[in-house]
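The values are calculated or read from the model by the stated rules, or taken from the named source; none is laboratory data. The structure presented is a predicted model; accordingly, all values stated were derived computationally and were not measured. Here the Cβ positions follow ideal geometry from the backbone for every residue, glycine too, while neighbour counts run over all protein chains shown. The area values use the complete protein model at the heavy-atom level, side chains included, leaving out ligands, DNA and RNA. Shrake-Rupley method; radii C 1.70, N 1.55, O 1.52, S 1.80 Å.
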Amino acid sequence: MKLNTRIIIHIMGLLLLCNGSFMLVAALASGIYKDGVTMDIMLAAIVTMLFGMMAMFYTRGHKKEVKRKEGYIVVTFGWVVMSLSGMLPYLFSGSIPSITDAFFETMSGYTTTGASILDDIEALPEGILLWRSLTHWIGGMGIIVLAIAILPLLGIGGMQLFAAEAPGPGGDKLHPRITDTAKRLWLIYVGYTVLETFLLKFAGMSFFDAINHSLATMSTGGFSTKNASVAFWNDQPLIQYIIALFMFLAGSNFVLSYFALTGKVQRILKDEEFKYYLGFIVVFTIIAALGVYFRADVPISDFHPMVLGKVESTVRHTLFQVIAVITTTGFVTADFTSWTPFLTVFFFGLMFLGGSAGSTAGGIKVMRHLLIIKNGILEFKRTLHPNALIPVRYNQKTVTEHIVYNVIAFFVLYMLLFIIGSLVLGFLGLDFISAVGGSASSLGNVGPALGSLNPVSNYNGLPAAGKWWCAFLMLLGRLELFTVLIVLTPYFWRKT
């Protein structure tokens, strides 16, 4: 089967046009705030869009068919192309002069990881800060999903792309036509972003900080406009509760948000993954809060005069950090690695949990954990009754063996890549704690890690090779492993 390279190049051109358009938004903000980098961002936008138009012009009259192979190539290389073009505003403005650092920051943005190499975020121009947050927002729901909504205008079907891009093992569709699904998801995504922006503004944030944090929250990214992240507002609990709420929503299945908005609340209450997702957050928050309140040898002095002192502060910080790590958002209100050794290991474990399938969160996802645990328990029954057919059930439906095998393979591959990632970082000179933390955080798209990469530090101290390696792990994690790895196999490129 011959690869349709013209359609691949055409879609890459379309992605570059979209990317350049968002750069113009950042340039507009730069002009409004008169931060001195307006023309630099404009130049980056023009270069990006010029390459996009050239690619689309060169491939006009292409065969309008996207098959599975083309889908995987577009998704994988689309993310790389977006990151390569997305680093131009950093380079042209001189905000991040190093190509390695600029690529790391951009890949961290598009994969919604939130790991940063910047030592002084607040010194950046407003236009660059907004662009940094926009890379999160673009990557959050997926550039490819946005393209799916546009492709019908060009006469191209997008089901193959959605199959490769849609997060999680399941594929709930809101509407038979995949383009309508993409549009509905984007409307919810945009709606949540706008709502959070207004709530944060009402709670006391400046409008600029509010829009940036909303873009980062709904994408479960974690880039902040402040060096201290959300800890900057430790004396304003309402701001932190609002962000925690929207992190929770962003980490839940967006299809459930659609059901809630259309009055189908029963569908949410019956959803197994949502019940466990909510339950995990509640239970883990209680465990962490008890650990901080009774054992942590750190003063929590940021009490608010209108709240309950240490109790409220403890619950707020632990709730915020549990949600931030589980949803892989990575915002910080406190350094959880400084609480107790137990809680350091505890939060390290949460990096492997992930949010819900169909959310913008990274990680393994709650649904996969559920299926693995259920299948493991049923293996005991199958051992006792070898001739019995005992299927795994999820949401009262039988899960096919193919899906179970796929989930197990994903989990094994994920853990193997985590080990390899840790070994590589160790080989590059990181200590054990930093290596395992950096690998888990990059692969899970979490952001803050352990050791020298802890929540109040950054990734600037990594050697250049370490930054490229972590960027690769981010891409693997964001695109659910198989999408990237299959493109790297010789079998994929054989003509069949």
- Between residue 380 and residue 398, what is the label-to-label distance in nm when each label sits 7 Å out along the Cα-to-Cβ direction? 2.4
- Item | Unit charges on C-beta of K, R, D, E only; dipole of region 337-409, Debye | 180
- Note on the structure: Charge dipole of region 58-123 built from unit charges on the beta carbon (Lys, Arg +1; Asp, Glu -1), centred at mean Cα; most positive-end Cα among 59, 115, 94 is 59
- Can you tell me the dipole magnitude for region 194-302 around its Cα centre, using point charges on the Cβ only (Lys, Arg +1; Asp, Glu -1), in Debye to the nearest 20? 300
- Task: Rounded to whole Å and sorted largest first, list the principal axis extents of the Cα atoms in the chain.
- Result: 73, 68, 53
- With all protein chains present, region 326-450 has a carbon and sulfur share of its accessible area (1.4 Å probe) in percent of 73
- Message: Checking the cross-link filter: which aspartates and glutamates have an alpha carbon closer than 14 Å to that of residue 226, excluding same-chain neighbours under 8 positions apart?
- Response: 119, 120, 122, 126, 209
- Message: Less than 30 Å apart at the alpha-carbon level, and either on another chain or at least 8 residues along: which lysines does that give for residue 270?
- Response: 173, 183, 365, 374, 381, 397
- Task: In nm, give the distance between the simple-model label positions of residue 495 and residue 264, each being 7 Å from the Cα along the Cα-to-Cβ direction.
- Result: 4.6
- Mean residue ellipticity at 222 nm from the helices of the chain, using -39,500 (n - 2.57) per DSSP H segment of n ≥ 4 over the full residue count, to the nearest 500 deg cm²/dmol? -20500 deg cm²/dmol
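Would you please give the FRET efficiency between residue 390 and residue 50, computed as 1/(1 + (r/R0)^6) with r the Cβ-Cβ distance and R0 = 51 Å, to the nearest 0.05?
After rounding, the FRET efficiency stands at 0.30.
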